[in-house]
């Protein structure tokens, strides 16, 4: 274990330039401190502003059994203060004109500040301080648990569509913790206490488990120097924490989940499939799913929109989403809102027909090219927003991808063929791999 | 580096050019080639306030149809033309404006402006997309019928602005959406698409000459003057009213408000500062401390000053479990009264000023955010120089001023409140 000045004697690992960019994008560097902290610097010199983020490679899917919601609850408690800053540092950040927040996902937890560039060193010192310096007392933990319960009521307990979504996820993942909501189940949140939070904190919050991302008007050498002076002084665990997650078995049975509620006036349909992620998929598989998803449900020119909305008038809206950035096997969503004259069963059958056709026939070259163009352009549009770029890199690295993976993503999307898309549809959008969700008014439940 | 370039770097306004097209269209431009993208934002006074009283949702429906077929392209062909070049184009309506948002890769700029020209001058308003977009609006309204936040907002709007266009639904009503005809949309467009209320900003990889040429192509055929209905000035009514709407949910959603101080009012800056202290400033406000941090009553609690063209309001919201919702409201009311009677402390004022000046730069870090800011400033009638003056105006706010304007803003603390849920004792 290294701490204090000895850390700075050890050089950083060589910076890795981002390959495959053809000189258009920023040169992104990736390095690592002796204590294991990873550093990614994304230059954006247009405005004197930086986005500073620390990502921990643990999320709700790493919550211990019976303690669902602890990753998210701890994220709230991280604002409560340290020995050096007993009341937290939100007032200090605000006085510097900074904006801050944090978020918890299935695979990671991240904290960020956006500030004028001259305050970057202060942000790094503050974030390094709370990496191991958190102090919690029961009189701040108890009201914050009530805050989280109110958050759950606001997002889920007052919204039947969100309750259906929770049930669909829980059905899709019969064994893997992705079936548990990030915020946790209400009855378990109620039991979380100070000891649970600190035990979890001590297990995961350590430099070797953290990724520092700085995007904005900075030099990578300057960021690495500042990181050594701040994060470099944080002692690390002897071994980085490990994640233990039971994996989902091969799905065998299609599942239909129905939620009826008198508050529902507009029925809705969703279908979610268990599919590989960028991290778990064979080479090219996730890219094919990305193109397939866009072809199926990416906007007004997509197949489902043309078929179900414009031609057959079975739906007023459809869409698809592939959650490809995921440590373990993940989800591909298709959702649809029926027209008043259409039952969810009719809509469901029509969806099956369209998917079967995509699995049986190669897609047209013009459709393929349009999907690829749009996806590759997204990587260029992303360069306009340093905060989104920081999130893209953070989420990718925290789920096991590399800087080169991100840099070469446009090339790999360009390489997807019609055959790849057809194969992906046949292999992964099989009904037995999926859960269908019906949202219905109570009267229709008979 | 030349002196001019140095001045441009230290001044935000110095980076903005005022561009006039040969045909006389004005736009504000930030030319920036670091990223190969162009963003364009614009607005016209064609919002829901121009809807016929028995046909709310007309402006929203029109905005939804502008990219659904134009000139030689039907809806599908138009979307295909956009997607083939990965051009982002969208329109939306609020109370006062229809705004447009265009973003393109620099190499497709000509095609992007041409599609924008078609949408704004030759939108076909065909029957198929008209019915489709109408049905999408109906589905959204149905989804919102029993949504607590949508219900609280609906009730608040109706009670705050009775007998005024601002009291009507921007996205329409289930009962009257079917009665909006193509002729209504066509009439609205002919009345409101005009150069006099047009505000445009562009940011990115485009020069002044190219922008000027595109401005004439896109907007040059519009008439100078619109034929708009007059929207009278108004203010939040029914102060002191508490309207509880029953819904079987475990949490009560509360919306509260009272008259505000308008963006164009000389006392807006002090008002913004005292609202920041009350509930406008994220994790550090009085409401955040008292409602959330100390008592655990809510996840979200905030207040804001909203300026419409013809009204301003102080408005806020929170959500608390039914058993304790009355306590949340009581805390909010008492914090407003306390700030009205005692004013902020010197320390709070200094902190607020430091945040508001220091964070201004964060609104200018993406081209779409910059373009939106520049259109917003033009809507409010400010000059480019405001970009540099704004922080000086914040710094100039004194404690006496903050106290006086706080008294004006919060008055006797009377609020219009709408609440949805089953709150105990409210």
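Given the conditions (1) more than 14 Å from chain B (Cβ to nearest Cβ); (2) surrounded by 19 or more Cβ atoms within 10 Å (Cβ to Cβ); (3) over 23 Å from the mean Cα position of the chain (by Cα), which single one is not true for residue A:133?
Condition (2) is where residue A:133 drops out.
Tell me whether region B:177-186 contains one or more residues that are within 14 Å of chain A (Cβ to nearest Cβ) and either assigned to a helix (DSSP H, G or I) or modelled with pLDDT of 95 or more (or both).
For region B:177-186, residues within 14 Å of chain A (Cβ to nearest Cβ) and either assigned to a helix (DSSP H, G or I) or modelled with pLDDT of 95 or more (or both): present.
Consider region B:134-153. How many of its residues are more than 9 Å from chain A (Cβ to nearest Cβ) and either touching a strand residue (DSSP E or B) at 6+ places or on another chain (Cβ under 6 Å) or farther than 15 Å from residue B:175 by Cα (or both)?
4
Within region A:307-318, does at least one residue satisfy the condition of being buried (at least 19 other Cβ atoms within 10 Å of the Cβ) and under 29 Å from residue A:406 (Cα atoms)?
Yes, region A:307-318 contains a residue that is buried (at least 19 other Cβ atoms within 10 Å of the Cβ) and under 29 Å from residue A:406 (Cα atoms).
If you scan region A:28-45, which residues turn out to be surrounded by 22 or more Cβ atoms within 10 Å (Cβ to Cβ), within 13 Å of chain B (Cβ to nearest Cβ) and part of a loop (DSSP other than H, G, I, E, B)?
A:44
How many residues does region B:290-336 contain that are away from chain A (no Cβ under 14 Å), closer than 19 Å to residue B:251 by Cβ and free of Cβ contacts under 8 Å to residues at least 40 places away in the same chain?
Within region B:290-336, residues that are away from chain A (no Cβ under 14 Å), closer than 19 Å to residue B:251 by Cβ and free of Cβ contacts under 8 Å to residues at least 40 places away in the same chain number 1.
Which condition number does residue A:77 fail, the rest of (1) touching a strand residue (DSSP E or B) at 6+ places or on another chain (Cβ under 9 Å); (2) without any contact (Cβ under 8 Å) to a residue 24 or more places away in the chain; (3) within 14 Å of chain B (Cβ to nearest Cβ) being met?
So the condition that residue A:77 fails would be (2).
Could you pull out the residue among A:230, A:199, A:260 that is closer than 30 Å to residue A:125 by Cβ and either in contact with a helix residue (DSSP H, G or I) (Cβ under 8 Å, 6 or more places away or on another chain) or in contact (Cβ under 8 Å) with a residue 24 or more places away in the chain (or both)?
A:230
Given the options A:110, A:116, name the one that is surrounded by fewer than 24 Cβ atoms within 10 Å (Cβ to Cβ) and within 20 Å of the chain's Cα centre (by Cα).
On the way: A:116 fails: within 20 Å of the chain's Cα centre (by Cα).
Being surrounded by fewer than 24 Cβ atoms within 10 Å (Cβ to Cβ) and within 20 Å of the chain's Cα centre (by Cα) holds for just one of A:110, A:116, which is A:110.
Each row is one residue, and each column tells you yes or no for (1) in contact with a helix residue (DSSP H, G or I) (Cβ under 9 Å, 6 or more places away or on another chain); (2) in a loop (DSSP other than H, G, I, E, B).
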position	(1), (2)
B:240	no, yes
B:258	yes, no
B:265	yes, yes
B:275	yes, no
B:292	yes, no
B:302	yes, no
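When you look at residue A:328, is it surrounded by fewer than 20 Cβ atoms within 10 Å (Cβ to Cβ), out of contact with any helix residue (DSSP H, G or I) (no Cβ under 6 Å at 6 or more places or on another chain), more than 21 Å from residue B:132 (Cα to Cα) and more than 10 Å from every other protein chain (Cβ to nearest Cβ), yes or no? Steps first, answer last, please.
Details: surrounded by fewer than 20 Cβ atoms within 10 Å (Cβ to Cβ): no; out of contact with any helix residue (DSSP H, G or I) (no Cβ under 6 Å at 6 or more places or on another chain): yes; more than 21 Å from residue B:132 (Cα to Cα): yes; more than 10 Å from every other protein chain (Cβ to nearest Cβ): yes.
Spelling it out, it is not the case that residue A:328 is surrounded by fewer than 20 Cβ atoms within 10 Å (Cβ to Cβ), out of contact with any helix residue (DSSP H, G or I) (no Cβ under 6 Å at 6 or more places or on another chain), more than 21 Å from residue B:132 (Cα to Cα) and more than 10 Å from every other protein chain (Cβ to nearest Cβ).
Spot the failing condition for residue B:281; the list is (1) within 14 Å of chain A (Cβ to nearest Cβ); (2) under 24 Å from the mean Cα position of the chain (by Cα); (3) at pLDDT 95 or above; (4) surrounded by 19 or more Cβ atoms within 10 Å (Cβ to Cβ), and only one is missed.
Going through the list (1) within 14 Å of chain A (Cβ to nearest Cβ); (2) under 24 Å from the mean Cα position of the chain (by Cα); (3) at pLDDT 95 or above; (4) surrounded by 19 or more Cβ atoms within 10 Å (Cβ to Cβ), residue B:281 breaks only (3).
Count, please, the residues in region B:345-396 that happen to be part of a loop (DSSP other than H, G, I, E, B), in contact (Cβ under 8 Å) with a residue 12 or more places away in the chain and touching a helix residue (DSSP H, G or I) at 6+ places or on another chain (Cβ under 8 Å).
Looking only at region B:345-396, we keep the residues that are part of a loop (DSSP other than H, G, I, E, B), and these are B:345, B:359, B:365-366, B:380-385, B:396.
Next, from what is left, pick out any that are in contact (Cβ under 8 Å) with a residue 12 or more places away in the chain: B:380-381, B:384-385, B:396.
In the following step, the residues that additionally are touching a helix residue (DSSP H, G or I) at 6+ places or on another chain (Cβ under 8 Å) were identified as B:384-385, B:396.
Qualifying residue count, region B:345-396: 3.
Which members of region B:337-372 meet the condition of being surrounded by 19 or more Cβ atoms within 10 Å (Cβ to Cβ), out of contact with any strand residue (DSSP E or B) (no Cβ under 7 Å at 6 or more places or on another chain) and more than 10 Å from chain A (Cβ to nearest Cβ)?
B:339, B:340, B:343, B:344, B:348, B:349
Select from region A:136-160 the residues that are in a helix (DSSP H, G or I) and in contact with a strand residue (DSSP E or B) (Cβ under 7 Å, 6 or more places away or on another chain) and write down the one among them that is surrounded by the fewest Cβ atoms within 10 Å (Cβ to Cβ).
The extreme case among them is A:157.
Go through the residues of region B:237-256 one by one and say whether even a single one is more than 14 Å from chain A (Cβ to nearest Cβ) and on the phi > 0 side of the Ramachandran plot. If you could, list the steps in order and put the result at the bottom.
Within region B:237-256, the subset more than 14 Å from chain A (Cβ to nearest Cβ) is B:237-244, B:256.
Subsequent filtering for residues that are on the phi > 0 side of the Ramachandran plot retains B:238, B:240.
Among the residues of region B:237-256, at least one is more than 14 Å from chain A (Cβ to nearest Cβ) and on the phi > 0 side of the Ramachandran plot, which makes the answer yes.
Check off (1) in a strand (DSSP E or B); (2) over 26 Å from the mean Cα position of the chain (by Cα) for residue B:78 and give me the number that stays unchecked.
Of (1) in a strand (DSSP E or B); (2) over 26 Å from the mean Cα position of the chain (by Cα), only one is false for residue B:78: (1).
Working only within region B:126-168, note down all residues that are crowded, with 19+ Cβ neighbours inside 10 Å and not in a helix (DSSP H, G or I).
Listed by number, the residues that qualify are B:146, B:147, B:161, B:168.
For region B:43-75, how many residues meet the condition of being in contact with a strand residue (DSSP E or B) (Cβ under 8 Å, 6 or more places away or on another chain), closer than 19 Å to residue B:128 by Cβ and not in a helix (DSSP H, G or I)?
5
Can you go through A:328, A:360, A:420 and tell me which one is more than 30 Å from residue A:114 (Cα to Cα) and under 19 Å from the mean Cα position of the chain (by Cα)? Spell out the reasoning first.
Numbers: A:360 fails: under 19 Å from the mean Cα position of the chain (by Cα); A:420 fails: under 19 Å from the mean Cα position of the chain (by Cα).
Selected residue: A:328, the only one of A:328, A:360, A:420 that is more than 30 Å from residue A:114 (Cα to Cα) and under 19 Å from the mean Cα position of the chain (by Cα).
Farther than 17 Å from residue B:217 by Cβ and touching a helix residue (DSSP H, G or I) at 6+ places or on another chain (Cβ under 9 Å), is that true of residue B:109?
no
The values are calculated or read from the model by the stated rules, or taken from the named source; none is laboratory data. For clarity, every value in this text was computed on a predicted model and none was experimentally measured. Neighbour counts are summed over all protein chains in view; Cβ atoms, including those assigned to glycine, are modelled from backbone coordinates with ideal geometry.
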